[in-house]
Ligand SMILES: C[S@@+](CC[C@H](N)C(=O)[O-])C[C@H]1O[C@@H](n2cnc3c(N)ncnc32)[C@H](O)[C@@H]1O
């Protein structure tokens, strides 16, 4: 069973200065399910993923995520579970925006190691811990947080639920979220544009050869179950890096809007559910056809769902 090697060792060091209750996980809890049998595309991508953080797309994403997560960080004791934390980019920002602690979980040991390294070099090293885990696992409560569950004030998932290949897996993802949240807690997720008619969206997006955000989406394949599309993402290196660096590509799924809503309810997330359409701040967008097209088909949205 591979649990992240060096990354886990570093996490344990942090755990000792963080919250003693987490030590229970290290000593007693079973290892997360499916890690070895589910190699992730991100094991290969690793820290290269951070190229996306230097694009205009990320300025838009950050603006929208911060706007919607900040109200939850006003309380001085907000504990965050950051699912699909990747290299810890947002785990770090969440702490700088006011979170009191962050537990980051990711399927890929390579990403977990990158996140651990990122935070170890910051002022927030004692407030963060990272570990491997499958957010769609069947017994996620102890496996993910190391606690009994119902513990976090908020769960964040910046591009987490779009890895669910069907409604069933989406329900598993929402179950993980529900079982780790306090009753008053909420999910704040960055996800694809919530539309019901994905055929029209896919045709329109596939017709665009360029993207002014530096991130180009494509919908190469409709899922056989009719629930959505495979979505590929191509990240163009920022201008100054183009000579040395190849574009980065990865893929996920875009399921239709009603399935997200039904999955949340089926998993026990029964409180208010709001989709927040992506805002493109004026200082970022321009008055060109490409930007107009991006405004018509935004590349992301922020979903907020309260547990109760
Ligand atoms: C697009 S990256 C986003 C990373 C980070 N949230 C960010 O915005 O910088 C998606 C991440 O989801 C992780 N991931 C995919 N499926 C997962 C699963 N079932 N459980 C946990 N993490 C998963 C990948 O390993 C990858 O690090």
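For residue 98, the criteria (1) under 13 Å from the mean Cα position of the chain (by Cα); (2) surrounded by fewer than 24 Cβ atoms within 10 Å (Cβ to Cβ); (3) at positive phi hold in every case but one, which is (1). In this structure, does residue 184 turn out to be more than 17 Å from the chain's Cα centre (by Cα), in contact (Cβ under 8 Å) with a residue 12 or more places away in the chain, surrounded by fewer than 23 Cβ atoms within 10 Å (Cβ to Cβ) and in a helix (DSSP H, G or I)? Against the criterion (more than 17 Å from the chain's Cα centre (by Cα), in contact (Cβ under 8 Å) with a residue 12 or more places away in the chain, surrounded by fewer than 23 Cβ atoms within 10 Å (Cβ to Cβ) and in a helix (DSSP H, G or I)), residue 184 does not qualify. The residues on offer are 33, 64, 58, and the sole one that is crowded, with 16+ Cβ neighbours inside 10 Å, modelled with pLDDT under 90 and within 14 Å of the ligand (Cβ to nearest atom) is 33.
Among residues of the stretch 294-308 that are at pLDDT below 95, none has a beta-carbon under 8 Å from a residue that is crowded, with 19+ Cβ neighbours inside 10 Å and in a strand (DSSP E or B) at least six positions away or on a different chain. For residue 174, the test of being farther than 18 Å from residue 78 by Cα and either touching a strand residue (DSSP E or B) at 6+ places or on another chain (Cβ under 9 Å) or at pLDDT 95 or above (or both) is passed. Of all residues in the stretch 289-308, those satisfying the criterion of being surrounded by fewer than 16 Cβ atoms within 10 Å (Cβ to Cβ) and farther than 16 Å from residue 193 by Cβ are 289, 290, 308.
If you check 209, 220, which single one turns out to be within 21 Å of residue 293 (Cα to Cα) and not in a strand (DSSP E or B)?
On inspection, the qualifying residue turns out to be 209.
The values are calculated or read from the model by the stated rules, or taken from the named source; none is laboratory data. Because the structure is predicted, anything quoted here is derived from the model rather than measured. As a convention, Cβ positions derive from the backbone with ideal geometry for all residues, glycine included, and neighbour counts pool all protein chains shown.
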